[in-house]
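Taken together, the values in this text are just the output of simple stated rules run on the coordinates, not laboratory data. None of these values were measured; they are calculated from a predicted model. We place every Cβ from the backbone using ideal geometry, glycine too, and count neighbours over all the protein chains shown.
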There are 2 protein chains.
Amino acid sequence: MGAAVALGPGKADLLDAVDQAGSISAAARNMGMSYRRAWILIEAMNRDFKEPLVETSAGGSGGGGAQVTAAGNEALRRYRAMEHKAISAVKKEMSAFANLLNEPSQDS
Amino acid sequence: MGAAVALGPGKADLLDAVDQAGSISAAARNMGMSYRRAWILIEAMNRDFKEPLVETSAGGSGGGGAQVTAAGNEALRRYRAMEHKAISAVKKEMSAFANLLNEPSQDS
């Protein structure tokens with residue numbers, strides 16, 4: 001707990017969103033996240049990893065774009081594989097845990 | 001991704017903090033979280049689970065307190081067990097993943 005995590009669910013989803021949207025601002029918008037928060041998370045990832053996970057390209061008329069780098073795709077692929085394996089390991093416990101929850105309400 | 005999670009790392013840490021601090025405001029302060037955000041997360045947990053995970057007691061001179069309920073302790077215990085098992089399942093992958101990261105800097 002406590003220590004910052006180089007890559008977690010939120011950052012992984014943000015990488016996916018940048019990959020799909022091609023810019024940080026569009027990715028943030030698609031995730032309902034502020035541009036500022038998306039930028040801070042991406043800066044943190046680029047600082048925490050040996051190679052940057054996201055590269056930005058300046059300007060032109062439409063503003064700059066952003067691309068997930070090869071290192072970013074590799075980190076994301078490995079993160080998703082771990083996520084999948086970790087979830088699989090506790091599948092039975094998660095089903096039992098779900099019994100503690102209310103039924104999802106109709107309107108959500 | 002995307003769907004709200006009834007209990008995750010942030011909410012689990014918040015339950016621990018409430019358990020230790022005995023009030024929502026002290027728990028929020030100890031976590032560097034706003035009171036408003038702590039309150040929203042606790043409301044969400046109490047709504048999502050069949051039994052409330054946190055109970056508040058009104059007032060007195062020192063302001064109200066908050067306690068993690070028996071249901072809350074049970075949910076937290078099972079969440080921590082799943083977390084431990086899930087992490088154990090990907091221990092090798094996590095070590096390899098760490099090689100993608102920069103060494104932690106001296107000042108952090």
By the mean-Cβ-within-10 Å protection proxy, highest first, B:9-18, B:86-95 rank as B:9-18, B:86-95
Please list the non-local residues whose amide H lies under 5 Å from the amide H of residue B:54, H modeled 1.01 Å from N, same-chain partners needing a gap of 5 or more.
B:69
Rounded to the nearest 10, the angle in degrees between the Cα long axis of helix A:9-21 and the longest principal axis of the Cα atoms of chain A comes to 50
In order through segment A:65-72: 3J(HN,Hα) via Karplus (6.51 cos²θ - 1.76 cosθ + 1.60), integer Hz, x for Gly, Pro
x, 9, 10, 6, 6, 4, 4, x
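For the protein assembly as shown, take the convex hull of the Cα atoms, compute a quarter of its surface area, and give me that in nm², please.
Averaging across all directions leaves 15.0 nm² for the Cα convex hull.
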I'd like to know which of B:82, B:24, B:41 lies farthest towards the positive end of the charge dipole of segment B:9-98, counting +1 on Cβ of Lys and Arg and -1 on Cβ of Asp and Glu.
B:82
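Going down the list A:50/A:85; A:50/A:91; B:50/B:92, which pairs span over 30 Å between their C-alpha atoms? Mind dumping the intermediate values first?
On the way: A:50/A:85 25 Å; A:50/A:91 33 Å; B:50/B:92 37 Å.
Pairs exceeding the cut-off: A:50/A:91; B:50/B:92.
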Net dipole in debye of segment B:9-98 [+1 Lys, Arg Cβ; -1 Asp, Glu Cβ; about Cα centre; nearest 20]:
260
Where the centroid of each part is defined by its Cα atoms, how far is segment B:64-103 from segment A:36-95 in Å?
21
